[in-house]
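**Q** After the structure tokens below, expect a handful of questions from me.
The values are calculated or read from the model by the stated rules, or taken from the named source; none is laboratory data. Note that the structure is predicted; figures quoted are calculated from it, not measured. Every residue, glycine among them, receives a Cβ derived from its backbone with ideal geometry; neighbour counts consider all protein chains shown.
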Amino acid sequence: MRFDKMWQRLYRGIVLGCVFLGDASLRADRIGEMDSISYGGQFLRFFSMEDPLLRTVLLGSLCLGLCCGLLGSFIVVRKLSLVGDALSHAVLPGVAIGFIVAGEKDPVAIFIGATVAGLLGTVLVSLIKNTTHIKEDSSLGMVLAGFYGVGVVLITMIQKTSVGNKAGLDKFLFGQAAALTDKEVGVMAIVAFVSLLVVVVFYKQLLVGSFDAAYSKALGLPTRFFHYLLMLLLAFSVVISLQAVGAVLVSAMLIIPASSAYLLTDRMHRMLILACLFGMITGAFGAFLSYMGPNLATGPLMVLAASSVFVVCFFFSPKHGIISRWLRFRRRANRVRSENSLKAIYQVRESLGFKGEGVLLSDLGDRMRESAKEVKSRVDALVRYDLADLKVHDDSCEVYLTPEGWVRACAVVRNHRLWELYLTKQAEFEPDHVHDDAEVIEHILGEDTVRELERLLDFPTRDPHGKLIPSLTDLQRTLTYASSKGEEASGYSMPKG
Amino acid sequence: MAAIPLETHDLTVVYNKKPALYGIDIEVPEGKLVGIIGPNGAGKSTLIKAIMGIVPATSGWVKIYDKPFKKNAKRVGYVPQRESVDWDFPVSVMDLVLMGRYGKMGLFGRAKKEDREIARECLDKVGMLPFADRQISNLSGGQQQRVFLARALAQESDIYLMDEPFVGVDAATESAIIKILHELRDKGKTILVVHHDLPTAKRYFDMLLLLNMRVVAFGPTSEVFNYDLLQKTYGGRLTILSEVADAIR
């Protein structure tokens, strides 16, 4: 009990903090002020768990999010998302029949009816798939729509009866978390607990069965049993979610939080934890939003919240997000561009016998066959990265490499020439066929590979075209020269072959 | 008399009303490296899947050291085809190899320190230890195959069944794998490998099972790798026959 109280106080503190922050940010806006206070107040009321009615709603949506995230992760990695969709639609007639049999909105009767209908639907899908040449996607589509149609018809009929029209079975279509009763939340909590328990205890069987079912069988594990256990839990989760999120959008709560988590991590256990968290947060938030407006269905709002999370993951996930990928791509492109500039500067210096430190931009332009403007922008980029300095004279511009720039230039040239030599010597390419390949690989070769190449080629000094290959030790010597005495570095010349 | 590692009798598999394997009767002696060869659709993969009950047998039986497969599953290690799994699945190389230990952990068991140690050793054996913490999608074809082999090694079995372990792998991986197979064989393990390349089949294996829905021949490589039997296995497929001719020469 004491722990309970402490937890409540802590929880309220966190919620208060959030509200305070939210309010502070809105305070500047005079028009929104009134609204923000009432939203904040409601938010506090909703998440403080003090009002027993709201507590029921909040707990229910948390259980829903947990179940959906947990089992959704498995169906996402097993590519069974459509099965989840079919299952969620197929349960609807079961809800109606459960109601008819019980004569009232009894959660247990509805639970049983819906589970049976859902399982019947999935059995029917396999039956159609296995006995005809209709493929799985079509049979899923048919069963999904067919069961859903029957469900809608039955529910509409029940709505017309005197008992039925007060029962609010139409809420099963799009969900109304505010209508959750204690008994329903009790069933939800049991399902959430059982699902969590099964996943934790039988994690290894579920993991190997999901990744490689044939291998799981080869290990002698009861693969089929665990598959059906997972499907049964999935059906349970769908059924308990009906009242809060509705049959139409349950599958979204299965798929979206799990897919968001999949973008963030590539380990199953982390994906499960993240998916549960996302499911719980978006579930609770959707329920809160729907509580704010008396006629707002919960399902669409939960899905909206979940989709927002997904959008953020889609753009900003460190590994798989498109913005991060774009940034990585740009960084790589920039690096290749600067390395090519450095290489050209090296080659100009080489053609001048390494006399004089600076390279005229006009010479560089001739070498790269680029206009003065293009060359200037290349050199500006090098200056930005501290790889070169630019000296402007009256009628010309000269570029000087910094010590780091010089080392990088040597490294790229070395990589290029080593690779050309490797291709001609070891892979027996013609010397005039190796340039393009080396152009690409010069930016990728790591230090280890370079050492290996040098060893393989018996520490060569000249490339297939007779040009000198700057070696690793040369590079280091240059660096110490250049950093201690700028003048001497300029006079540094390549070792004679 | 020591028990026979692998014995099948009248093993028959029917897929969608089309027969895939007919009355397979084989007795595989201990400590042999056996290649299963035959044309496409000959039921090579089906045979090893049927041995492990991954594909249900329509009739016949399989015995692993005198017991049905289910009783002796722990004594059989399996390397499935590389394409059979989704390589984007969220597990690391280490997680994947640990799956090889799952059969020995019991219903509620978890990976212990010892299991991790064995998994690391097996990864090291195939040269993939530096990749232990990588996600599996970042592996090349040859690396994927090595990881699959490490997983089978982690099973510490007496019999290994491998489905096309040399498909789409680089030459270095192929020779590394064959070296490991020879080591296993020398330790008295029995290995069955589905193979499709005739010229190497002659060099790699102690025994060959020539399969074309039925057993065409099963015996020491030197006895069964001849023109008549290979022609019988492959039928009149000219391109393969010229390959056979090259291989025999």
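**Q** When the residues of the range B:65-107 are filtered to those that are among the acidic types (Asp, Glu) and part of a helix (DSSP H, G or I), which remaining residue is nearest to the other protein chains (Cβ to nearest Cβ)? Explain how you work it out, then say what you get.
**A** Taking the range B:65-107 as the starting set, the residues that turn out to be among the acidic types (Asp, Glu) are B:66, B:83, B:86, B:88, B:95.
Remaining after also requiring part of a helix (DSSP H, G or I): B:83, B:95.
On the way: B:GLU83: 12, B:ASP95: 7 Å.
Ranking the qualifying residues of the range B:65-107, first place goes to B:ASP95.
**Q** Which of the residues belonging to the range B:163-205 are in contact with a helix residue (DSSP H, G or I) (Cβ under 6 Å, 6 or more places away or on another chain), free of Cβ contacts under 8 Å to residues at least 60 places away in the same chain and part of a loop (DSSP other than H, G, I, E, B)?
**A** B:PHE166, B:VAL169, B:ASP170 - these are the residues of the range B:163-205 that are in contact with a helix residue (DSSP H, G or I) (Cβ under 6 Å, 6 or more places away or on another chain), free of Cβ contacts under 8 Å to residues at least 60 places away in the same chain and part of a loop (DSSP other than H, G, I, E, B).
**Q** Residues to consider are A:VAL143, A:VAL208, A:VAL150, A:VAL187; find the one that is in contact with a helix residue (DSSP H, G or I) (Cβ under 7 Å, 6 or more places away or on another chain), of a type in the set (A, V, I, L, M, F, W, C), within 14 Å of chain B (Cβ to nearest Cβ) and surrounded by 15 or more Cβ atoms within 10 Å (Cβ to Cβ).
**A** A:VAL208
**Q** Let me ask something else about it. Being aliphatic (A, V, I, L, M), over 32 Å from the mean Cα position of the chain (by Cα) and in a helix (DSSP H, G or I) narrows it down to one of A:VAL123, A:VAL199, A:VAL185, so name that one.
**A** A:VAL123
**Q** Give all pairs with beta carbons closer than 9 Å in which a residue from the range A:393-415 that is modelled with pLDDT of 85 or more meets a residue that is among the aromatic types (Phe, Trp, Tyr) and outside any helix (DSSP H, G or I); count only pairs at least 6 apart in sequence or on separate chains.
**A** Close Cβ pairs (under 9 Å, with a partner that is among the aromatic types (Phe, Trp, Tyr) and outside any helix (DSSP H, G or I)) amount to A:GLU404/A:TYR385; A:GLY405/A:TYR385; A:TRP406/A:TYR492.
**Q** When the residues of the range B:190-224 are narrowed to those that are small (Gly, Ala, Ser) and buried (at least 17 other Cβ atoms within 10 Å of the Cβ), which ends up nearest to the chain's Cα centre (by Cα)?
**A** From the range B:190-224, those small (Gly, Ala, Ser) are B:201, B:217, B:219, B:222; that's our starting set.
Now drop any that are not buried (at least 17 other Cβ atoms within 10 Å of the Cβ), which leaves B:201, B:217.
Values: B:ALA201: 14, B:ALA217: 18 Å.
Here the answer is B:ALA201.
**Q** Give me a count of the residues in the range B:9-57 that are surrounded by 15 or more Cβ atoms within 10 Å (Cβ to Cβ) and either closer than 30 Å to B:ASP186 by Cβ or within 16 Å of the chain's Cα centre (by Cα) (or both).
**A** Residues that pass the stated criteria total 27.
**Q** Sort through A:LEU445, A:LEU423, A:LEU468, A:LEU453 and tell me the only one that's hydrophobic (A, V, I, L, M, F, W, C) and in contact with a Leu (Cβ under 6 Å, 6 or more places away or on another chain).
**A** Within the list A:LEU445, A:LEU423, A:LEU468, A:LEU453, the selection yields A:LEU453.
**Q** What helices (runs of 4 or more DSSP H) lie completely within the range A:336-430 and have 1 or more residues being within 23 Å of A:THR449 (Cβ to Cβ)? It would help to see each step written out before you state the result.
**A** Working: elements: A:361-368, A:372-384, A:403-425.
Those helices (runs of 4 or more DSSP H) span A:403-425.
**Q** Shifting gears a bit: For the structure I just gave you, tell me whether A:SER237 is small (Gly, Ala, Ser) and away from chain B (no Cβ under 14 Å).
**A** Yes, satisfied.
**Q** In the range B:73-93, which residues are crowded, with 21+ Cβ neighbours inside 10 Å and free of Cβ contacts under 8 Å to residues at least 40 places away in the same chain?
**A** B:ALA73
**Q** Of the conditions (1) within 12 Å of chain A (Cβ to nearest Cβ); (2) modelled with pLDDT of 90 or more, B:ARG110 fails just one. Which one is it?
**A** Tallying (1) within 12 Å of chain A (Cβ to nearest Cβ); (2) modelled with pLDDT of 90 or more, B:ARG110 fails exactly one: (2).
**Q** Any residue at all in the range B:124-144 that's in a strand (DSSP E or B), in contact with a Leu (Cβ under 6 Å, 6 or more places away or on another chain), away from every other protein chain (no Cβ under 13 Å) and not basic (Lys, Arg)?
**A** Among the residues of the range B:124-144, not one is in a strand (DSSP E or B), in contact with a Leu (Cβ under 6 Å, 6 or more places away or on another chain), away from every other protein chain (no Cβ under 13 Å) and not basic (Lys, Arg), which makes the answer no.
**Q** Would you be able to tell me the number of residues in the range A:320-365 that are farther than 16 Å from A:LEU401 by Cβ and in contact with a strand residue (DSSP E or B) (Cβ under 9 Å, 6 or more places away or on another chain)?
**A** Of the residues in that region, 1 qualify.
**Q** Look at A:ALA261 and say whether it is among the small types (Gly, Ala, Ser), touching a residue at least 40 places away in the same chain (Cβ under 8 Å) and crowded, with 24+ Cβ neighbours inside 10 Å.
**A** yes
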